[in-house]
Amino acid sequence: MQASTAYQQRSSDFIRGIQAGLSIAIGYMPVALTYGLLAKTTGLSLFETIAMSMFVYAGAAQYITLSLLAIGTGALEIVFTIFIVNIRHLLMSASVNEKVEEDSIWKKALYAFGITDETFTVAATREGTVTTGFMFGLCLVAYSSWVIFSGAGHLIGSALPQTLQEAMGVALYAMFIGLLVPSVKKQRKVLYLAVVAAVLNSLFTVMNFSAGWSIVMATLISAVSIEILTGKGEKPVE
Amino acid sequence: MNESVILIILGMAVVTYIPRMVPLVFFNSEHIHPKVQNILKNVPFAILGALIFPGILTINEDIWFGIVGAAAAFIAAYFGANLIFVVLSSIAVLSVYAYFI
């Protein structure tokens, strides 16, 4: 009886993860379709296009790689650039590690592959501890969308009507706003954190910092300075 | 099949996976100073701000495109709409906007 309850708990966490990931799946669709189409015009085969989405699974990195391949950049330079672009995952992985339940390192090592800007923000803004089952559901649905629509983009181009494709480009941003607003309503500190990082990131972008460093530095400066300014008076964010 | 592209993909896969995996697998919460833990708890909200701006202003040549989409998402979220409804209403409002502009 006990075992079956535990099993039900795990499977319902997995389902909840899938539900939470649906917004990401919708948001990835136009981005992945466009990636697939660009990969084709850059000269990548269908196999290479899908392989990059399957094994790298990082939107910004894949777009940058296509533009570097197009201008004939060398392999080492590409790999190094991608490393810099993805440094921010280090920060996300460390932060989500404070949020997830303890589990075997093998399971954590497996879902770690699914950490993206989107899965991270969805998991990290949930209330309470996040279970392994939830992480697997969340990452699986996002990953499937990314891989499937990358391939579809190469095969059929962007099959969506132009206006819808353009409108869907807002999806991931709308999701980020949808994740932020409820927390802002609960705690003023969240607003400070987001606004400071947004202003800094805009500033660094105008100053032509690379996208990878810009986000990492804006996030770190905001997270540290707001902690120093409000840490004593306010409780930690939830 | 182009061998160098496959090699590049493998190299990218390694340097992308390592930063994702190392903290989750090797960091032990109990050994992290509480102040650092609090800073790590701040990270999601700071990163959301950085992910939204300035990116949302550049999704279309028309800067209002992003602003209208953001406003729609904000209103839906402010009134407590489910996340997927926030996303869909922003897309719906922009579809109408794109149709008429």
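The values are calculated or read from the model by the stated rules, or taken from the named source; none is laboratory data. None of the values given here were measured: they were computed from a predicted structure. Don't worry about glycine lacking a Cβ; one is built from the backbone with ideal geometry, like all the others, and counts go over all protein chains shown.
General remarks:
- Each residue in segment A:138-158 was checked for being within 22 Å of B:Gly69 (Cβ to Cβ) and either surrounded by fewer than 16 Cβ atoms within 10 Å (Cβ to Cβ) or of a type in the set (Ser, Thr, Tyr) (or both), and 2 of them qualify.
- Among the residues of segment A:1-47, just one is in contact (Cβ under 8 Å) with a residue 12 or more places away in the chain, over 20 Å from A:Phe149 (Cβ atoms) and of a type in the set (Phe, Trp, Tyr), namely A:Phe14.
- Selection status of A:Leu172, at pLDDT below 95 and either farther than 29 Å from B:Phe27 by Cβ or touching a strand residue (DSSP E or B) at 6+ places or on another chain (Cβ under 6 Å) (or both): no
- Considering A:Leu179, A:Leu160, A:Leu140, the condition of being outside the structural domain of A:Leu38 (by TED's automatic domain parsing) and either touching a residue at least 40 places away in the same chain (Cβ under 8 Å) or in contact with a Lys or Arg (Cβ under 6 Å, 6 or more places away or on another chain) (or both) is satisfied by A:Leu179 alone.
- B:Phe26 passes every criterion in (1) at the interface with chain A (Cβ under 7 Å from one of its Cβ atoms); (2) surrounded by fewer than 22 Cβ atoms within 10 Å (Cβ to Cβ); (3) within 26 Å of A:Phe113 (Cβ to Cβ) apart from (1).
- If you filter segment B:76-92 down to residues that are farther than 16 Å from A:Val122 by Cβ and outside any helix (DSSP H, G or I), you find that the one that is modelled with the highest pLDDT is B:Phe79.
- Per-region count, segment B:43-59, residues more than 10 Å from A:Ala223 (Cβ to Cβ) and either surrounded by fewer than 19 Cβ atoms within 10 Å (Cβ to Cβ) or aromatic (Phe, Trp, Tyr) (or both): 4
Rundown of residues vs (1) assigned to a helix (DSSP H, G or I); (2) modelled with pLDDT under 95; (3) surrounded by fewer than 20 Cβ atoms within 10 Å (Cβ to Cβ), yes/no style:
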residue	(1), (2), (3)
B:Ser4	yes, yes, yes
B:Leu10	yes, no, yes
B:Val14	yes, no, yes
B:Pro19	yes, no, no
B:Val36	yes, yes, yes
B:Lys41	yes, yes, yes
B:Glu61	no, yes, yes
B:Ala70	yes, no, no
B:Phe74	yes, no, yes
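- Of the residues making up segment A:196-208, those that are at the interface with chain B (Cβ under 8 Å from one of its Cβ atoms) and either in contact with a Lys or Arg (Cβ under 6 Å, 6 or more places away or on another chain) or surrounded by 17 or more Cβ atoms within 10 Å (Cβ to Cβ) (or both) are A:Val196, A:Ala197, A:Ala198, A:Leu200, A:Asn201, A:Ser202, A:Thr205.
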